[in-house]
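**Student:** Next up is a structure, given as structure tokens.
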Amino acid sequence: MIRRKGAGWEVVVYLGRDPRTGRELRRSKMVRGTERDARRVEARMLEEAGRGELAAVGSMTLAALAERWLDHVAQVREPATLVDYRVGIRRALAQLGHVRLERLTPLILQRFFDELQTAPRADGKPGSLSPETIAGEYRALRACLGYAVRMGVLGRNPLQRVSLPKRQAPEKEIVTPEDLRRLLDAARGSRWHALWHTAAHTGLRLGELGGLEWRDVDWRRPALLVRRSLKRNPDTGRWYVGDVKSHERRVVILDPVTADLLDRHRADQAQERARATAWEHPELVFPGQGGRYLSESSATHALQRLCAQLGLPRLNMHRLRHIHGSHLLAAGWDLAAVSERLGHASVAITAQVYAHALPRAQERYIYPNGHS
């Protein structure tokens, strides 16, 4: 059956009756285009139904879909992503896992996410779920239902019509270039100086710094070739160096001071390796003790201890990356250039993350010579 619906056509194919409940099964799909386009889709759906490919669609539950989807994720995504998705979809499966996909409407899903706003924390502490936890639930369920659409099980993703309340990002303490200079000057002579300086002047993520190899340093330009990242297998707990995402591969040009610092760091590391009885990963630019993989907790704890001594805002390694992006925008870089340097998937992400730095950029354009 084909019927006009909104700006398109709804194609409905009847698949018989559920042998357990006697309920009529059907599959529908929205088609944008002409009626002829809709007829072609109907013919294809009828052919698939005749081959039995659509027989189970009407009775498939969200839990059954999620099982297939997670098996697929395990084959094509990083182990950490699989763990995030398993955790993220847990509450949806607990409440909606029994619901057949054809009954999973935007109204049901909106109510589910509205109720999550006041749901208690899983650790028993007072308060409700954090916005980050709810956003993780949303991402996982959206990916699961998106898989159903790609596989032809659903005509469209019902979660696209569901909205979450807008989150107000907490205000972060401003770290000025002078503050950063004080921090790095105080770190001179420590084993962390080169790492912190490079993070704050290139915007590399901690995993990218931990996976950086000496062959990734182009001394002629000079520049860093960002193509590897240090990762942890959540099942085994073992660290390994793998590829970064395709959109995150990039060339990061080094300023002369950072290039000179890395050159001296290379010489210091060679002397340290010569004195050591064992050095596990001589290829790494920023290894941990004994040439082992870099420890995020050690780097962050040392950074926060120094910040406390200097009376500076409490920083972690990821804040150094954000400081770099903010300082670039304040110095006059446009969003596209900052986005490329930081390896964001789009300029829109850069604009969202660094919205706090944009008002200063506006003032620079309105008052190019400063306020009178």
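The values are calculated or read from the model by the stated rules, or taken from the named source; none is laboratory data. Note that this is a predicted model, so its numbers are computed, not measured. A quick note on method: Cβ atoms are made from the backbone with ideal geometry, for glycine too, and the neighbour counts reach across all protein chains shown.
**Student:** Got at least one residue in the stretch 270-285 being touching a residue at least 12 places away in the same chain (Cβ under 8 Å), surrounded by fewer than 20 Cβ atoms within 10 Å (Cβ to Cβ), closer than 21 Å to LEU230 by Cα and in contact with a strand residue (DSSP E or B) (Cβ under 7 Å, 6 or more places away or on another chain)?
**Tutor:** yes
**Student:** Tally time: how many residues in the stretch 191-226 are under 16 Å from HIS281 (Cβ atoms) and in a loop (DSSP other than H, G, I, E, B)?
**Tutor:** Residues in the stretch 191-226 being under 16 Å from HIS281 (Cβ atoms) and in a loop (DSSP other than H, G, I, E, B): 2 in total.
**Student:** What is the residue count in the stretch 68-82 for residues that are surrounded by 14 or more Cβ atoms within 10 Å (Cβ to Cβ) and closer than 10 Å to PRO234 by Cβ?
**Tutor:** Number satisfying all stated conditions: 4.
**Student:** If we scan the stretch 177-187, do we find a residue that is of a type in the set (Lys, Arg) and at pLDDT below 90?
**Tutor:** no
**Student:** Identify all residues within the stretch 329-369 that are modelled with pLDDT of 75 or more, among the β-branched types (Val, Ile, Thr) and more than 16 Å from the chain's Cα centre (by Cα); write none if there are none.
**Tutor:** Selection gives VAL338 alone.
**Student:** Need pairs with beta-carbon distance below 8 Å; first residue assigned by TED's automatic domain parsing to the domain that holds VAL153 and modelled with pLDDT under 85 and within the stretch 26-40, second loosely packed, with under 12 Cβ neighbours inside 10 Å and not in a helix (DSSP H, G or I); sequence gap 6+ or separate chains.
**Tutor:** none
**Student:** Which residues, taken from the stretch 47-87, are part of a loop (DSSP other than H, G, I, E, B), at pLDDT 80 or above and not hydrophobic (A, V, I, L, M, F, W, C)?
**Tutor:** Residues satisfying the conditions are ARG77, GLU78.
**Student:** Is the stretch 290-302 home to any residue that is without any contact (Cβ under 8 Å) to a residue 60 or more places away in the chain and under 19 Å from GLY189 (Cβ atoms)?
**Tutor:** Yes - at least one qualifying residue is present in the stretch 290-302.
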